[in-house]
1. Rounded to the nearest 10 Å², what accessible area does residue 210 show when all protein chains are kept and the probe is 1.4 Å?
2. With the other protein chains left in place, how much accessible area per residue, in square angstrom, belongs to the stretch 89-231 at a 1.4 angstrom probe?
3. Relative to the longest principal axis of the chain, what angle (0 to 90°, nearest 10) does the C-alpha long axis of helix 189-199 take?
4. Helix-only estimate, please: 222 nm mean residue ellipticity of the chain, summing -39500 (n - 2.57) across DSSP H runs of length 4 or more and dividing by its residues, to the nearest 500.
5. Full extension from residue 222 to residue 121: what is 0.36 nm times the residue separation minus their Cα-Cα distance, to one decimal in nm?
6. Decide, for the stretch 7-73, between rounded, prolate and oblate: order the square roots of the alpha carbon gyration tensor eigenvalues as a ≥ b ≥ c, take rounded if a/c falls under 1.5, and otherwise choose prolate if a/b is larger than b/c, else oblate.
7. Between helix 133-151 and the chain, what is the angle of the helix's C-alpha long axis to the longest principal axis, kept within 0 to 90° and rounded to the nearest 10?
8. Got the relative contact order for the chain handy, in percent, Cα pairs under 8 Å and 6 or more residues apart?
Amino acid sequence: MSNRIAPKLLAEFIGTFALIFIGAGSAAVIGEGAGLPGVAAIAFAHGLTVMAFAFAYGPVSGGHFNPTVTIGVLAAGAMRAGEAAGYIVSQLLGGVAGALFLSAVLGGAQTGLGTPALAHNLALGATFLTITPAAGFMIEAVLGFFLVTVVLSTAVAGRAGSLAPLAIGMTLTLNILMGGALTGAAFNPARALGPMVATGNFNDAWLYLTAPIVGAIVAALLHTGLARLTQEGMASAGPDRAAQTPAE
């Protein structure tokens, strides 16, 4: 392993470990049925963790902590395939390690360790809602799309400067506020797989591992397409207009 890649892989491992230990840990401690205040607490636990570690490790690895983000950045042409593969392995290992450590701290897997699950008979006003796998797939894909869109438009494109971790962390928070009660709002294969391995509960694993990646690829395609259209528009507007328009 080269000296250049090793710090990046370590940063991704630690950041993902922290996300599982704190994010999934908060879901395990608060538990189901806590209502909106509980979902909000879980959402902020995830969002603040990613924001803090993205500020800490962003200059080292970019602060992905999520295979969905790495695949989106790869699909957008902003990193090499070999490096992306190393990131994903480190993230998955960090997720499993974080969940196993969480299991040891909580005395076993009886709490569920924050394993994401589709809602069954969720009370919504005067009705009860059950999320089907098809609906769950769409929700996780859309949440992954939102996250990767923000990452590409802030951290990768450089539009938010040093505030990119804040935008990314808040996106996690908003995503979980909306989807937490519906699917668990993992939109991160490492976040889903870690607790699944630690608990032995692999229900709907295919959904949580693939749906956010679909959303990431769509986000990357849209990002590159918009960038191309922007460049074409700048070129057709002439050098004066191009000089006034921020670069992609």
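1. Around 60 Å² of this residue is reachable by solvent.
2. Working: 6270 Å² over 143 residues.
Ligands and nucleic acids excluded, the result is 44 Å² per residue.
3. 20
4. Value at 222 nm, helices only, nearest 500: -23000 deg cm²/dmol.
5. Gain on stretching residue 222 to residue 121: 32.8 nm.
6. Numbers: a/c = 2.52, a/b = 2.36, b/c = 1.07.
Since a/c reaches 1.5 and a/b is larger than b/c, the shape of the stretch 7-73 is classed as prolate.
7. Its long axis makes an angle of about 40 degrees.
8. Values: 405 pairs, mean separation 69.2, N = 248.
The value is 28 percent.
The values are calculated or read from the model by the stated rules, or taken from the named source; none is laboratory data. Just so you know, these numbers come straight off a predicted model, no measurement behind them. Using ideal geometry, Cβ is built from the backbone for each residue, glycine included, and neighbour counts are taken over all protein chains shown. What goes into the accessible areas is simple: the full protein's heavy atoms, side chains included, and nothing from ligands, DNA or RNA. Shrake-Rupley method; radii C 1.70, N 1.55, O 1.52, S 1.80 Å.
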